[in-house]
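I have placed the structure first, in the form of structure tokens, so that the comments after it can refer back to it.
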Amino acid sequence: MQKSLLFFLFTFLIFSCKTDKQELVKAKISTKPNVIVILADDAGYMDFGFMGNKDLETPRLDKLAKSGAIFTDAHVSASVCAPSRAGLLTGKYQQRFGFEANGTGGIGLSDAVTTIADAFKENNYKTIALGKWHLGESESDHPNQRGFDDFYGFIGGSRSYFPIEKPSKGHTLQHNGERIIFDGYLTDILGDKSVSYVEEHQDAPFFMYLAYNAPHTPMHAKAVHLEKYKEHPRKKLTAMMWSLDENIGKLVDKLEETNQLENTLIFFLSDNGGSTHSDTNNGPLKGYKGIEFEGGHRVPFLVHWPNKIKGNQTFDGLTSSLDIFKTSTAAAGIQNNLDLDGTNLIPYLKDEANGNPHEKLFWRKLNEAGVRLGKKKLVHLKGYGSTYYDLENDLGEMNDLTLSDKATSDLLHKELEIWETGLMEPLWDEGGWMPVTFHIQQRLMQNKPLLYNTPGSRKKYLENTSK
Ligand code: CA
């Protein structure tokens, strides 16, 4: 009898401990949100149904947007891929550490900066980067050295969506340095990995940086989707966007199936505006990728977190990709004393704060710069001059008000000057793209059509005009 009583007590204790542990795990899951940042690459402001597009299909993202908050005046900190990612992942204007031009200059991301993944990893989150890195190819720049437990993607700035027999270092699909030989379409491969990661990480919160290279060039789509859209005037882009949307849908379904969707904070955005040569659509905005007009840096941006943020919201305040670091670490209860340039967006989405998360935003890429002060916008091109617009009445940046309102133009110049005193000199430049970008920026400032838009087309233009 005594023996069975002891056995009962022993079993009870073991059971209680196990239950306590399970409760702890549950508590952890219920209080610490997962955070997922999904990046599209070079998608235009108007390339999504939830942004008003009618001629292509993004039903899964549209559904996500409907149950979250859509931002209409959100910006990345650079109009091109690499510096935009440097800003997003550090929560700082990337010009503060010399990462101003596109590419990585053989230098990459400064060792002195802390990434958002570092912050999550230090606070017991599991961390993974998926897809395109583009922040440096040396060992010290590898995602595994920059806060990510796992990296499943490629180091370079773009690659084929299909297998490459002998890929370069930057083009090699890898998992933590080990080459992955894949069969199929890269957008699907990244989507599948995002799904299996969620399946395998249900017991602890995770931070996922899901950087699709879609719909960046090369314009590769699956045959089945090219067939689906064979009559479409933008069939390649539309097919690529369908795959992107389908794979984001798979991830959302897995979060729902594992009861994690409610407490996962999801950001979705494009890393810069649509480019001049991939059929993207920037809607009412002027300019493209690489340019400091709104079409270069104002992006589709949505936030989804059912536990804390109500759906059906449209937010018009001036917002930045730099806000993702501060917003997501605040959501996870992570304290730090980093000198960041972003703002926590959650209070704005819970009606606890009003107005603009930012009164001012700045952009600079070598010779080009832009300033927003509320709805006032200055565009400056070193070696040419500046123009200034009132976006309240002129979203398309067509009417230069410099002469009629010199005081505001001067104020914007002054703001730019003050901001620039906190920056480093760029650590590299953009070589042959610089005269092309200068040309595009200047022609747009003059409201004139472009004569060329790539180094190759510039060369041809110069050859023909010198005859
Ligand atoms: Ca890009």
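Any read-out appearing in this document is the output of simple, stated calculations on the displayed coordinates, not a laboratory observation. These numbers were taken from a predicted model, which means no experiment stands behind them. When we count neighbours, we look across all protein chains shown, and the Cβ atoms used for this are built from the backbone with ideal geometry, even at glycine.
With a ≥ b ≥ c taken as the square roots of the eigenvalues of the C-alpha gyration tensor of the chain, please select rounded if a/c is under 1.5 and otherwise prolate if a/b is larger than b/c or oblate if it is not? The shape class here is prolate.
Centroid-to-centroid, using Cα positions, region 354-422 and region 118-134 are 35 Å apart.
Measuring between their Cα centroids, region 446-467 and region 32-67 lie 34 Å from each other. A simple count of charges around Pro306, restricted to other residues whose Cβ falls under 14 Å of its Cβ and scoring Lys, Arg +1 and Asp, Glu -1, yields +3. Based on DSSP, what percent of beta bridges with both residues in the chain are antiparallel, to the nearest 5? Beta bridges within the chain, antiparallel portion: roughly 50 percent. Charging the Cβ of each Asp and Glu at -1 and of each Lys and Arg at +1, and nothing else, the dipole of the chain about its Cα centre rounds to 460 debye.
Pick out, from Gly191, Ser84, Asn144, the residue whose Cα sits farthest towards the positive end of the charge dipole of the chain, with +1 on the Cβ of Lys and Arg and -1 on the Cβ of Asp and Glu. Highest projection toward the positive end goes to Gly191. Here the extension length gained between Asp405 and His277 equals 42.5 nm, from 0.36 nm per residue of separation less the Cα-Cα distance.
Once C-alpha pairs closer than 8 Å and six or more residues apart are averaged by separation and normalised to the residue number of the chain, the relative contact order reads 22 percent. Would you list, by chain and number, the lysines whose Cα falls below 19 Å from the Cα of Lys250, excluding same-chain residues fewer than 8 positions away? Straight-distance partners of Lys250: Lys63, Lys66, Lys193, Lys222.
Within a straight-line Cα-Cα reach of under 18 Å, Lys406 can be paired with the following lysines, leaving aside sequence neighbours fewer than 8 residues apart in one chain: Lys375, Lys376, Lys377, Lys414. Of the residues Gly273, Gly296, Leu173, the one whose Cα sits farthest toward the positive end of the charge dipole of the chain, with +1 on the Cβ of Lys and Arg and -1 on the Cβ of Asp and Glu, is Leu173.
A Cβ-based charge dipole, computed about the Cα centre of region 140-296 with Lys and Arg at +1 and Asp and Glu at -1, lands at about 860 debye. Couplings 3J(HN,Hα) of region 38-53, computed from phi: 9, 10, 9, 10, 6, 6, x, 4, 10, 9, 9, x, 5, 9, x, 5 Hz, in residue order, whole Hz [Karplus 6.51 cos²θ - 1.76 cosθ + 1.60, θ = phi - 60°; x for Gly and Pro].
Taking other residues whose beta carbon is less than 11 angstrom from the beta carbon of Lys326, and scoring Lys, Arg as +1 and Asp, Glu as -1, yields -1.
Within a straight-line Cα-Cα reach of under 19 Å, Lys169 can be paired with the following aspartates and glutamates, leaving aside sequence neighbours fewer than 8 residues apart in one chain: Glu137, Glu139, Asp141, Asp150, Glu178, Asp183. Distance between the 7 Å Cα→Cβ label points at Glu352 and Thr421: 3.4 nm. Relative contact order of region 203-244: 42 percent, from C-alpha pairs under 8 Å at least 6 residues apart in sequence.
What percent does the relative contact order of region 422-467 come to when contacts are Cα pairs within less than 8 Å and at least six residues apart? The value is 29 percent. Positive-end ranking of Gly105, Thr264, Leu56 along the dipole of the chain, with charges on Cβ about the Cα centre, is headed by Leu56. Annotation note: GluC sites (Glu not before Pro) in region 261-310 located in DSSP loop regions with a Cβ neighbour count of at most 16 within 10 Å are Glu262.
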